[in-house]
Amino acid sequence: MIILRNTEERRYEYHWADGTTIKKAVKLDAPHYVDALMHWVQSHLDDENIFPSKIGIPFPKSFQTSVKNIFKRLFRVYAHIYHSHFNKIVSLGEEAHLNTSFKHFIYFVQEFQLVEKKELAPLQELITQLMNRTPE
């Protein structure tokens, strides 16, 4: 299970459900949550009914919903890394790489409106800082 606390001591807890084999959300520790998520994302990317790879095959009507769900869940991995492992990232001198990756992710998410603002709340201060904007 991924549990986050932001500076205002709000608590965010993410439980896992894939909608197929696990329909009711369950608690998983962070490594198992991330593993399940990455397998779930890969299965979606490999699914020709969601991401057709042949020319002339249209994307399904549910494509945008599927992509939004993928990005919402991928955001949770960044949130977990920043809240639980950032000190280790800094000790390795890798924070610039993480920040750059996250900034690209957020620009893409914002450009195509893929993640609702309320879902971004655990890292809103960081997002504002990275984007050099004032909070709305």
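The values are calculated or read from the model by the stated rules, or taken from the named source; none is laboratory data. As the structure is a prediction and not an experimental result, all values here were calculated from the model. All Cβ positions, glycine included, derive from the backbone under ideal geometry; neighbour counts span all protein chains shown.
Limited to segment 64-116, what total is found for residues that are among the β-branched types (V, I, T), loosely packed, with under 13 Cβ neighbours inside 10 Å and over 19 Å from M131 (Cα atoms)? Talk me through it step by step, then tell me what you get.
First, the residues of segment 64-116 that are among the β-branched types (V, I, T): 65, 67, 70, 77, 81, 89-90, 100, 106, 109, 115.
So of that shortlist, the ones also loosely packed, with under 13 Cβ neighbours inside 10 Å come out as 65, 90, 100.
Within this subset, residues satisfying the condition of being over 19 Å from M131 (Cα atoms) are 65, 90.
Residues flagged as among the β-branched types (V, I, T), loosely packed, with under 13 Cβ neighbours inside 10 Å and over 19 Å from M131 (Cα atoms) within segment 64-116 amount to 2.
Tell me which of these G56 doesn't satisfy, since it passes every other one: (1) on the phi < 0 side of the Ramachandran plot; (2) exposed (fewer than 11 other Cβ atoms within 10 Å of the Cβ); (3) part of a loop (DSSP other than H, G, I, E, B).
That leaves (1) as the condition not met.
For the list (1) under 27 Å from K117 (Cβ atoms); (2) within 15 Å of the chain's Cα centre (by Cα), I need the number of the one condition that R11 fails.
That leaves (2) as the condition not met.
Return the pairs, sorted by first residue and then second, in which the second residue is modelled with pLDDT of 95 or more and surrounded by fewer than 18 Cβ atoms within 10 Å (Cβ to Cβ), the first residue lies in segment 115-129 and is among the aromatic types (F, W, Y), the beta carbons are less than 8 Å apart, and the residues are 6+ apart or on different chains.
none
Find the residue count for segment 1-24, including only residues that are at pLDDT 85 or above and exposed (fewer than 13 other Cβ atoms within 10 Å of the Cβ). If you could, list the steps in order and put the result at the bottom.
We begin by selecting, within segment 1-24, every residue at pLDDT 85 or above; these are 13-24.
From what's left, exposed (fewer than 13 other Cβ atoms within 10 Å of the Cβ): 13, 19-21, 23-24.
Result for segment 1-24: 6.
Of a type in the set (D, E) and within 23 Å of V67 (Cα to Cα): which single residue out of E119, E94 fits that description?
On the way: E94 fails: within 23 Å of V67 (Cα to Cα).
Only one candidate passes the filter, namely E119.
Any chance segment 30-42 includes a residue that's at pLDDT below 90, out of contact with any helix residue (DSSP H, G or I) (no Cβ under 8 Å at 6 or more places or on another chain) and not in a strand (DSSP E or B)?
No - not one qualifying residue is present in segment 30-42.
Is it the case, given these coordinates, that E13 is in contact (Cβ under 8 Å) with a residue 12 or more places away in the chain and closer than 20 Å to E125 by Cβ? Even if it seems obvious, please write down each step before you answer.
Values: in contact (Cβ under 8 Å) with a residue 12 or more places away in the chain: yes; closer than 20 Å to E125 by Cβ: yes.
Spelling it out, E13 is indeed in contact (Cβ under 8 Å) with a residue 12 or more places away in the chain and closer than 20 Å to E125 by Cβ.
Criterion first (assigned to a helix (DSSP H, G or I), out of contact with any His (no Cβ under 8 Å at 6 or more places or on another chain), touching a residue at least 12 places away in the same chain (Cβ under 8 Å) and farther than 18 Å from E13 by Cβ) does V67 satisfy it?
Values: assigned to a helix (DSSP H, G or I): yes; out of contact with any His (no Cβ under 8 Å at 6 or more places or on another chain): yes; touching a residue at least 12 places away in the same chain (Cβ under 8 Å): yes; farther than 18 Å from E13 by Cβ: yes.
Taking the combined requirement at face value, the residue satisfies it.
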